[in-house]
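Inspection log for the structure reproduced underneath, given as structure tokens.
The values are calculated or read from the model by the stated rules, or taken from the named source; none is laboratory data. Remember, it's a predicted structure, so these values are computed and weren't measured experimentally. Cβ placement follows ideal geometry from the backbone for every residue including glycine, while neighbour counts extend to all protein chains displayed.
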Amino acid sequence: MTGEPDTNGPDDGSRSGRSRRRAVIVGGVLVALVLGAMLRGGPEMPPFEGERGDAARVWDFAVDARQRCWLRVDRERRPVIRVNCFAEAGVLYTHSNRMASMASWLGRSWTQAVADQPELDVLIDGRVYPLRAVREESEAERVRILKARGYGYVPDGIQVFALVPRNDPRDSMPE
């Protein structure tokens, strides 16, 4: 016992300090990667090209919730977004997620953009359809449409839009 530190054994204090530093560095790098990906704005937009589709068509073919459906909306960031489209009773529909009505640091959500400017283009199976988004205002119809789409339980907050021809006079869908 000379009062000098023991250098023969491991120093648990310095090991736990190094472990903490490593964890902070790794955590910082992960946060930086996530923020970088978010700032980039998501995956690259697909080319929004194709033959002009007949906007007045009756959607009589099977369009299920996995159908690739791209909307081009009037907003600065990410003007093209992939959504789920489906057909019900000859009408093409899409719906939001539960949080889509909220703006984010990326700007307006697509649901906010179509509330301001409902005219949009829809790309399905290589065809571009000039359509207009009409929000379903009736709660009973919203639930009916989402149940027809396959929802067992329909959560609050999901908005349903009929994608109708631009010259369609409807401001909302009939009940």
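Taken over region 103-160, the residue count meeting the criterion of being of a type in the set (Phe, Trp, Tyr) and farther than 20 Å from Ala89 by Cα is 3. The conditions of being at pLDDT below 65 and either farther than 30 Å from Pro169 by Cβ or in a helix (DSSP H, G or I) (or both) are met by Leu39. From the list Phe48, Phe61, the one residue that fits, being under 15 Å from Val128 (Cα atoms) and modelled with pLDDT under 85, is Phe48.
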